[in-house]
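Reading through the structure tokens given below for one structure.
What follows is calculated from the coordinates using simple rules that are stated; it is not laboratory data. Bear in mind the structure is a predicted one, so any value in this text is a computation, not a measurement. Don't worry about glycine lacking a Cβ; one is built from the backbone with ideal geometry, like all the others, and counts go over all protein chains shown.
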Amino acid sequence: MLYLLRLPQRAGGLHVTPNFVSLILDIHTLSKRYGSIQAVDKLSLQVEKGSIYGLLGPNGSGKTTTLGMVLDVIRPTSGSFSWFGQPASPATKKRVGALLETPNFYPYLTARRNLEIVAEIKGASHSRIAEVLHLVGLSQRMHTTFKGFSLGMKQRLALASSLLNDPEVLVLDEPTNGLDPEGIAEVRELILKIAAEGKTVILASHLLDEVEKVCTHVAVLQKGVLRAQGPVSTVLAAKDQLVISAGDVPQVLEALRQLPFVEAFQQAERGQVLLTLQDGYGPADVNKAMFEAGIVLQQLTLRRRSLEAQFLEIIKKQA
Ligand SMILES: Nc1ncnc2c1ncn2[C@@H]1O[C@H](COP(=O)(O)OP(=O)(O)OP(=O)(O)O)[C@@H](O)[C@H]1O
């Protein structure tokens, strides 16, 4: 079982924010029940400054409900959360930008005019408009009407509007849903760019591939329950396998038995042998050891375990 939960620190019954890391969002045993449906069940997680944090789970796993609660649009049944180490307030809300669904822009107005209207509603300075259009790569298209935009451009404009207030955090729900492959690539690239500007991003996605490509950290949700949490590289990347082959399979197997850093091995088809190594060892160690044992490898391939397989395994184990 893969559990990488960082337990919140507790002192005298008080929920305190650890001060050694800069916590943006700290969720503590947050739950939401809709009648008989437990949409979110005692969820605890922490989002650190500068991370791109993915909430990953299949449809109905509670991602939108979680985002809705921390954005104060859905009332939790129980539990708590804090932003920037403080309870949610108008002041903390100003520091968080959100895109839960594609906003309704005016189709016959230009991108710039649409953003002027949003800026007026949000009380953001018009001077930000050129900046955010530049950030999302739409400066050249600011005089194009919204209806003339591709789906990817429409979503980039939506991201621009959520950045008008220059929030420190951006919360996105399925930001690439409904986009074509080009739009998906544009929006993913843009999310990375926004994070590179120093903003923390929290995004919900049901796409493992998306989380792997975009996120630094992930929380895996299933039926409202947190299944795993931590850096993407730890949670979603499990052991890789090495595939080796040589002329004399029994000799290879005998040599592998002697190697202390080989965790496990098994004979596969076509004279291949699959092995996993202890942490800290790699293909070069195997190659060297085999050579020293007088074996010349004909194949030495690293087979990365697919994230899909790992994700399904996490989900399956808990089912
Ligand atoms: N307003 C509501 N009333 C009743 N049940 C709800 C409501 N909103 C969500 N649910 C239920 O709560 C559960 C979690 O839904 P939620 O939308 O948070 O999941 P999700 O992971 O975001 O999925 P999706 O990507 O499909 O939106 C689901 O079983 C859903 O049917």
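Quick one: angle between helix 249-258 and the longest Cα principal axis of the chain, in degrees between 0 and 90, rounded to 10, please.
Helix 249-258 and the main axis of the chain meet at about 70 degrees.
For the chain, what is the relative contact order in percent, using Cα pairs closer than 8 Å and at least 6 residues apart in sequence?
20
Take Q86 and L109, extend 7 Å from each Cα along the Cα→Cβ direction, and tell me the distance between the two endpoints in nm.
Going by the 7 Å Cα→Cβ label model, 3.1 nm.
Tally the DSSP beta bridges in the chain and give the antiparallel ones as a percent, rounded to 5.
That works out to approximately 70 percent antiparallel.
Tabulate in residue order the Karplus-calculated ³J(HN,Hα) for the range 173-181, using 6.51 cos²θ - 1.76 cosθ + 1.60 with θ = phi - 60°, rounded to whole Hz; enter x for Gly and Pro.
9, 6, x, 10, 4, x, 8, 7, x
For the chain, find the longest principal axis of its Cα atoms and tell me its angle to the long axis of helix 111-122, 0 to 90°, nearest 10.
70
If I stretch the segment between K288 and E269 completely, what's the gain in nm (0.36 nm per residue apart, minus their alpha carbon distance), one decimal?
4.5 nm is the gain from fully extending K288 to E269.
Would you grab the residues whose amide H sits under 5 Å from the one on L221? Only those 5+ places off in sequence or on another chain, please, with H modelled 1.01 Å from N.
Close amide H contacts, sequence-distant or interchain: L56, G57, R227.
What length, rounded to one decimal in nm, is gained on full extension from H28 through to D180, with 0.36 nm per residue of separation minus their alpha-carbon distance?
51.1 nm
When the helices in the chain are scored as -39500 (n - 2.57) per DSSP H run of 4 or longer and the sum is shared across all residues, what 222 nm value do you end up with, to the nearest 500 deg cm²/dmol?
-9500 deg cm²/dmol
Note down the net charge around V262, summing +1 for each Lys or Arg and -1 for each Asp or Glu among other residues with Cβ under 15 Å from its Cβ.
-3
First measure r as the distance between the Cβ atoms of T276 and K49, then evaluate 1/(1 + (r/R0)^6) with R0 = 45 Å and state the FRET efficiency to the nearest 0.05.
0.80
If one puts a single equal scatterer on every Cα of the chain and applies the Debye formula without solvent, what log₁₀ I(q)/I(0) results at q = 0.07, 0.09, 0.13 Å⁻¹?
Those come out to -0.38, -0.59, -0.96, one per q.
Sort Y108, Y281 by Cβ crowding within 10 Å, fewest neighbours at the top.
Fewest-to-most Cβ neighbours within 10 Å comes out as Y108, Y281.
Treat each spin label as a single point 7 Å out from the Cα along the C-beta direction, and report the H143 to K122 distance in nm.
Placing both labels 7 Å along Cα→Cβ, they lie 2.5 nm apart.
Ignoring trypsin sites (Lys or Arg not before Pro) that are buried or in helix or strand per DSSP, and keeping those with at most 12 other beta carbon atoms within 10 Å, what is the longest stretch of the chain between them?
Counting at most 12 other Cβ atoms within 10 Å as exposed, the longest clean stretch of the chain is 1-269.
What length, rounded to one decimal in nm, is gained on full extension from A130 through to Q299, with 0.36 nm per residue of separation minus their alpha-carbon distance?
Length gained between A130 and Q299: 55.4 nm.
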